[in-house]
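A short write-up of the structure that comes next.
Please treat every number below as a calculation from the coordinates, not as lab data. For clarity, every value in this text was computed on a predicted model and none was experimentally measured. Glycine also receives a Cβ, built like all others from the backbone with ideal geometry; neighbour counts cover every protein chain displayed.
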Amino acid sequence: MADDLSTRFDFATIAIHAGEAPDPTTGAQNTPIYQSATFALPDASQQVKQPGGQPEGYFYTREGNPTTAVIEAKVAALDGAEAAIASASGMGVISAALLTVLNPGDHLVCADSIYPISQDFITTELPRLGIDVSMVDITDLDAVREAMTPATRAVLTEFLSNPELAVADLPGLAEICRDQGARLIVDNTFATPYLLKPLEIGADIVLHSATKYISGHGDAVAGVAAGSQEMIGPMRRFVARYGSPISPFNAWLLIRGIKTLQLRMERHCQNAERLARFFEEHPAITRVMYPGLPDHPGHDLCGQLTGGRFGGMIAFEHRDGESGCQQFASKLQLACRAVSLGDVSTLVLPWTGRNLVRLSVGIEGIDDLIADADQALA
Ligand SMILES: Cc1ncc(COP(=O)(O)O)c(C=O)c1O
């Protein structure tokens, strides 16, 4: 499928076909894993390109690789972006985005609900480089406006926060950023392009920990970012210079995973909605955080932005506090106690030091998941 035609097709068609064609040398229908560090130069006089110099030709996998180019084309097409860049992890694209947009003396406004490791990077590495940071409640647009200074060059938020599922008002944040001339960077890991395309509502860069739903099978650590050429070009050079490209094998795992993203997301959403309703009615559970429940503070906003799809992540508080959460996680038989999320199988994580359990609801049979949760709460 020609990449420039891909926006004419349905999501599932784009996920399967964008960026791919039978291999020109062998006719292989699936994209091969081009597991090669280096590529033959066509003639002895050809100059080695600058960092991030693909895609006209490949010469070294740190700079670009044909398997990697396919997952980049797919994510760009699904996000409605001019370009995308893959990296060795979600943190690889988060750091590349921030360090290409921000310079010493600049200021970042960042959601205080963001993934703890992103927060750690932002609060330790950025100040070391002379970049100021303000952490704010991103659901409070007045607080965001107040935090902006003449030096603010970017706002970073997750659309659905980890673990509490707060919903960021992306159209409101995009307006604030436009007024200020700042870039809006959105980590869309929880929602994926299937639920929401932040670039269409004013974001400048969208980030995915592709380790999660894009891979979908818990077998690769990877990150992908999408945006305009103006945004992604510098990130591509950054990934090459700092040496954080994705491996061809992991790129191939993402290619395979993303083809079923729509089917999986639909099932994740259905299962999570059913489980959230089960938890809401269970006497052992005192609070359920799931944007699909009508009393969640972000329910209406999330529904408007995603067309009524609320994702596969749930968090809840237990009547017996932290020990109740730990007992629940220990007694589950189908779910694995583990960090990470977005797998086909259900993962459960009791939060250390808090009365909170996070569930990444898988695509197993919903009656089995409810029965398992029921016995674990008994
Ligand atoms: C929302 C979110 N963003 C980014 C990351 C970082 O991604 P990775 O683990 O692929 O580096 C994670 C990891 O859990 C995450 O949950």
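Annotations for the structure displayed:
- Evaluated at q = 0.17 Å⁻¹, a Debye calculation over the C-alpha positions of region 262-377 (equal weights, vacuum) places log10 I(q)/I(0) at -0.77.
- Local charge for M313 was computed over the other residues whose Cβ lies under 13 Å away, with Lys and Arg +1 and Asp and Glu -1, and equals -1.
- Other residues lying with their Cβ under 12 Å from the Cβ of V93 contribute a combined charge of -1, Lys and Arg counting +1, Asp and Glu -1.
- Working note: Cα atoms of region 138-241, range along each principal axis, descending, whole Å: 42, 34, 21.
- Kirkwood analysis of the Cα pair distances in the chain returns a hydrodynamic radius of 21.4 Å.
- Going from the fewest other Cβ atoms within 10 Å to the most, the residues M289, M148, M313 appear in the order M148, M289, M313.
- Convex hull of Cα atoms in region 79-169, direction-averaged projection (nm²): 6.4 nm²
- Dipole magnitude for the chain: computed about the Cα centre from +1 point charges on Lys and Arg Cβ and -1 point charges on Asp and Glu Cβ, it is near 820 debye.
- Gained length - R178 relative to V339, 0.36 nm times residue gap less alpha-carbon distance: 54.4 nm
- Just checking the listed ones, A76, A111, A143: in the Gaussian network model of the chain with Cα springs under 10 Å, the one fluctuating most is A143.
- Gyration tensor (alpha-carbon) shape descriptor, region 182-269, a/c threshold 1.5: oblate
- Region 282-378: trypsin sites (Lys or Arg not before Pro) in DSSP coil with no more than 10 other Cβ atoms inside 10 Å: none
- Distance between the 7 Å Cα→Cβ label points at R128 and Q375: 4.8 nm.
- Extension reserve of the T352-E280 stretch, reckoned as 0.36 nm per residue once the Cα distance is removed: 23.7 nm
- Between region 261-315 and region 204-223, the alpha-carbon center distance in angstrom: 21 Å
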